[in-house]
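Derivation of every value follows stated rules applied to the coordinates shown; laboratory data play no part. Quick caveat: nothing in here was measured; it's all calculated off a predicted structure. As a convention, Cβ positions derive from the backbone with ideal geometry for all residues, glycine included, and neighbour counts pool all protein chains shown.
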Amino acid sequence: MGDYSGLGEVAGKRVLVRSDLNVPLKEGVIGDDGRIRASVPTIKALADAGARVVVMAHLGRPDGAPDPSYSLAPVAARLGELLGSPVAFASDTVGSSAQETVAGLSDGQVALLENVRFNAGETSKDDAVRGAFADELASLGDAFVSDGFGVVHRKQASVYDIALRLPHAMGGLVAAEIDVLRRLTDTPERPYAVVLGGSKVSDKLGVIDNLLEKADTLLIGGGMLFTFLKAQGHEVGKSLLEEDQIPTVLEYLERAKASGVEIVLPTDIVVADSFGDEASARVVAADAIPAESLGLDIGPESGKAFAAAIAGAKTVFWNGPMGVFEQPAFAEGTRAVAEALTKVDGLSVVGGGDSAAAVRALGFSDDQFGHISTGGGASLEYLEGKELPGITALES
């Protein structure tokens, strides 16, 4: 649980909690409730202390207006199940339903407001527009607790501006996430291995740039690896490639060599004739990808090599799948990395986003890892050395 001493006695107070409940939702069915589960301890702790808890969250990217397909109603029902008591649901964010729902709360009860992104003020780049919406949100509460780690890198009304308007505190989830990230950046126990995957090298440039000063080993998989292979002069066929990033990748390879950081690339690749074509899946050497094929996973020998490097580390951070894990023929590289992380004698961190979805989809449980982050983008920006607006606001 976070430290709420700065809020004073919370019993009887309306405490606005910004949670991250942005779960995969299809036709009202929640695909993975991991983020809802992660939000429960802070909400429960405040409710048990007698607060009237008003939860704010977003879902998806509605265009600043109500959209039934992005309603948080199914999330309210699931949150109630996990809390063991009903969660009142407001059908708007700051309108009459929100005001009536909050006014109807008794001590220890919980309400969830409708998707904050149904209001254009939430994500507006105009400080005045965003601030006006934050004023409306703030009128519903007496204090604010920031517990949505997946959004602390966003300068948004329910994350940043509201903290400037109410007594505020960091929630337990955000506190735990920041603690882990500090252990990864300030004083990592060595050897320190970082595993990066996902589709685009451009998404990870800042992280690679910063971690070249901190990590001992960088293991590169996913679609981004083909830009590295191309930079080394290898044929990559029809694989995902960012030609414009080749000069940057070459610079990273040189810097790594000069600073003694080992960059490990796959030696074999699982390829197919077209995306999703599991029938034609086969293993080829990383320097012999056929011109008509595309790479969709790291190969078995690479999986073993990556696992061995992870096993020898005391600190491991992993962000991004090794291949198209949703399809069995291209899931084994990601499985090998996940399996190796469960055996780390030290701190193993799964960096949110697709990596967290992958480990659950492949049958691993959260407690097999040292820490599964709820915010991939926020984790990456912290590791890049960027300032996170949602954290900065809490320090004011």
Seminar exercise, completed: Applied in sequence order to region 301-306, the curve 6.51 cos²θ - 1.76 cosθ + 1.60 (Karplus, θ = phi - 60°) yields integer Hz couplings, x standing for Gly and Pro, of 5, 5, x, 5, 5, 4
Problem set entry | Ranked packing of 52-65, 257-270, 321-334, most packed first, by mean Cβ within 10 Å | 321-334, 52-65, 257-270
Problem set entry | Under 5 Å, built H, 5+ apart or other chain: amide partners of HIS168 | PHE144
Exercise. According to a simple spin-label model (label point 7 Å from Cα along Cα-to-Cβ), what is the distance in nm between ALA361 and VAL29?
Worked result: 1.6 nm
Seminar exercise, completed: Calculated from DSSP helices alone, with each H run of at least 4 adding -39500 (n - 2.57) and the total divided by the residues of the chain, [θ]222 nm to the nearest 500 comes to -10000 deg cm²/dmol
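Please give the FRET efficiency for ALA132 paired with ASP209, using the beta carbon to beta carbon distance and R0 = 41 Å, rounded to the nearest 0.05.
On the way: r = 37 Å, r/R0 = 0.91.
So, using R0 = 41 Å, E works out to roughly 0.65.
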For this session: Compare the peptides 368-379, 127-138 by average per-residue count of other Cβ atoms within 10 angstrom and give them in order, highest first.
Result: 368-379, 127-138
Exercise. Where the centre of each part is set by its Cα atoms, how far does region 63-115 sit from region 259-314, in angstrom?
Worked result: 46 Å
Seminar exercise, completed: Checking LYS44, LYS26, LYS230 against a Gaussian network model of the chain (alpha-carbon springs below 10 Å), the top fluctuating residue turns out to be LYS26
Seminar exercise, completed: Under the 7 Å Cα-to-Cβ spin-label approximation, GLU235 and LEU250 lie apart by a distance in nanometres of 2.2 nm
Exercise. Considering only Cα-Cα distances, which of the following residue pairs are longer than 22 Å: LYS44/LYS343; LYS230/LYS257; LYS204/LYS257; LYS314/LYS343; LYS200/LYS230; LYS155/LYS386?
Worked result: LYS44/LYS343
Seminar exercise, completed: For the chain the translational diffusion coefficient, Stokes-Einstein from a Kirkwood Rh over Cα pairs at 25 °C and viscosity 0.890 mPa s, in µm²/s, is roughly 111 µm²/s
Exercise. Quick one: Cα centre-to-centre distance for region 23-47 and region 138-185, in angstrom?
Worked result: 17 Å
Seminar exercise, completed: Between GLU326 and GLU292, the two model label points (7 Å from Cα along the beta-carbon direction) sit apart by a distance in nm of 2.7 nm
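Give the relative contact order (percent, whole number) for the chain; include only Cα pairs under 8 Å separated by 6+ residues.
Working: 891 pairs, mean separation 59.8, N = 396.
Relative contact order for the chain comes out at 15 percent.
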